[in-house]
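The values are calculated or read from the model by the stated rules, or taken from the named source; none is laboratory data. All values reported here derive from a predicted model rather than from experimental measurement. Every residue, glycine as well, gets a Cβ built from its backbone with ideal geometry; the counts of neighbours run over all protein chains shown. Each accessible area value is taken on the protein alone, full model and side chains, heavy atoms only, with ligands, DNA and RNA left out. Shrake-Rupley method; radii C 1.70, N 1.55, O 1.52, S 1.80 Å.
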Amino acid sequence: MKPYHGVDFFKTSRLLSAEEQAVQATVRQFVDRSFLPLLKAHHAAGTFPTEIVPELGELGLLGPSVRIPGGGGASYTVYGVICEELERGDSGLRSFASVQGSLVMWPLSVYGSEAQQRRYLPELAAGKLIGCFGLTEAGHGSDPAGMQTRCRRDGGNWVITGNKMWITNATLADLALVWARDTSDGKIRGFLLERDDTGFSAQAVHGKFSLRASDTGELIMDEVRVGDDRRLPNIEGLKGPLSCLNEARFGIAWGAVGAAADCYHCALSYALEREQFGTPIAGFQLTQAKLTDMVTGITAGQLLAIQLGRLKDAGINEYSLVSLAKRHNVAMALDVAREARSILGAAGITDEHSPGRHMNNLESVYTYEGTHEIHTLIVGQAVTGIASFR
Ligand code: TGC
Ligand code: FAD
């Protein structure tokens, strides 16, 4: 297969600045050189390659747009470009970066105290600490307002009890941002739990056919007692966790384009080489229709992502825009992955080729960070002014 040089059918690279294109080239090289050689073994074992975390930090790929003491603050478009290239490698790699940057570093930077920011942000950015984000519970996924995890004030301390489920980086994390409902006033509050806190533990989910090269698990809080300095002081209510999701969903809207582009590249290369009935399968009209649909979907996804980045960089931050882009681009990528797999025939069902892996990964991406259906309803609410979640 030819080396990957991006999908640029509609000359969308012309919409990126020289700096954005330079970042794209750096991350692309990192994925080819450092990540992909490790992926097959980790995917088979069902583990995340933690050995690449220091390099993610050195290259500035963890929370690049987050303002941290003494650094950070790249544009959102740069963050998007990074997510696209990471997810071209694997959704698990982009997931790691999304959780660390958007779901842990970003809330610390906007809702944390100065002391919390100084203590955690530089090490998170360097990949010396790994973070996770606990919102979902076994009984409350799409409807996090129903969460059962509780916090109660006890003098100068807080006591947190409950379980969080399906948490990315759960067993790897040094630091968990966990959301709990206050038993005294019913408000949702965010807490920073450290791996060694008494009563705090994590266990892995096994048997996944999706996002195998990512750590997914359960967080268990059994009367975890922490000081008030572990509470995020500058936020209360459900809009706290939901605003974090907005950040991560932005990265997913870009990342899905990367997964789709890798599938297209693989399917096109294969179709040009593979012969049946004495001719390359790329010469059949039905194969060309598939490739045309794929490149059209990818182009639409690229244009949406770039415009979303430009809007966010201009301070336009309506969350229904992020929902529209996440919903469209993940569904597009899933369609592209399935079409790519079909072009590969039997060869598409093993880990020799990437589309089958992307296809399975994208089933998770379709569900996490707000399911496809929830994003349909968020856009529906923005269009009609009527909420129809309940
Ligand atoms: P609702 O009454 O609509 O909202 C409560 C308050 O929050 C505000 N808000 C948002 N703010 C910022 N960004 C958003 N996206 C927001 N959505 C809502 C809202 O304005 C309101 O503010 P205020 O000031 O009036 O209090 O809340 P609801 O209970 O009706 O729920 C709405 C709904 C269904 C859209 C929401 O609950 C939702 O988005 N559900 C989906 C849950 C979800 O996405 N979970 C993701 C968990 S994390 C994850 O999956 C990580 S995967 C990581 C990886 O590996 O990449
Ligand atoms: P449910 O909410 O039970 O939904 C089941 C089905 O019902 C879906 O099709 C859904 O769209 C539909 N549905 C629900 N409500 C409505 C409605 N009102 N109208 C129409 N249809 C509806 N969470 C975290 O907090 N942190 C993480 O790091 C994290 N990482 C994850 C990693 C992976 C690999 C996965 C798979 C999930 C992760 N999640 C994480 C959880 C994820 O956010 C939830 O799975 C997601 O929000 C959906 O919740 P649920 O799985 O409970 O599905």
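Below, the figures for the structure above:
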{"item": "Some residue of region 128-143 being hydrophobic (A, V, I, L, M, F, W, C), surrounded by fewer than 17 Cβ atoms within 10 Å (Cβ to Cβ) and in a loop (DSSP other than H, G, I, E, B)", "result": "yes"}
{"item": "Region 197-251 - residue that is assigned to a strand (DSSP E or B) and β-branched (Val, Ile, Thr) and, of those, nearest to ligand 2 (Cβ to nearest atom)", "result": "Thr216"}
{"item": "Index of the failed condition, Ala204 passing every other in (1) among the hydrophobic types (A, V, I, L, M, F, W, C); (2) open to solvent by 40 Å² or more (accessible area, probe 1.4 Å); (3) more than 16 Å from ligand 1 (Cβ to nearest atom)", "result": "(3)"}
{"item": "Members of region 92-127 that are among the basic types (Lys, Arg) and open to solvent by less than 10 Å² (accessible area, probe 1.4 Å)", "result": "Arg94"}
{"item": "Matching residues in region 102-123 - criterion: being under 30 Å from Lys40 (Cβ atoms) and either in contact with a strand residue (DSSP E or B) (Cβ under 6 Å, 6 or more places away or on another chain) or within 10 Å of ligand 1 (Cβ to nearest atom) (or both)", "result": "Ser102, Leu103, Val104"}
{"item": "Residue within region 248-260 that is within 30 Å of Arg119 (Cα to Cα), in contact with a strand residue (DSSP E or B) (Cβ under 9 Å, 6 or more places away or on another chain) and either outside the structural domain of Phe191 (by TED's automatic domain parsing) or open to solvent by 20 Å² or more (accessible area, probe 1.4 Å) (or both) present", "result": "yes"}
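Listed here are the residues, each with its yes/no results for (1) within 16 Å of ligand 2 (Cβ to nearest atom); (2) within 17 Å of Arg88 (Cβ to Cβ); (3) under 17 Å from the mean Cα position of the chain (by Cα); (4) open to solvent by 20 Å² or more (accessible area, probe 1.4 Å).
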position: Arg327; (1), (2), (3), (4): yes, no, yes, yes
position: Ser342; (1), (2), (3), (4): no, no, no, yes
position: Arg357; (1), (2), (3), (4): yes, yes, yes, yes
position: Leu362; (1), (2), (3), (4): yes, yes, yes, no
position: Gly380; (1), (2), (3), (4): yes, no, no, yes
position: Phe389; (1), (2), (3), (4): yes, no, no, yes
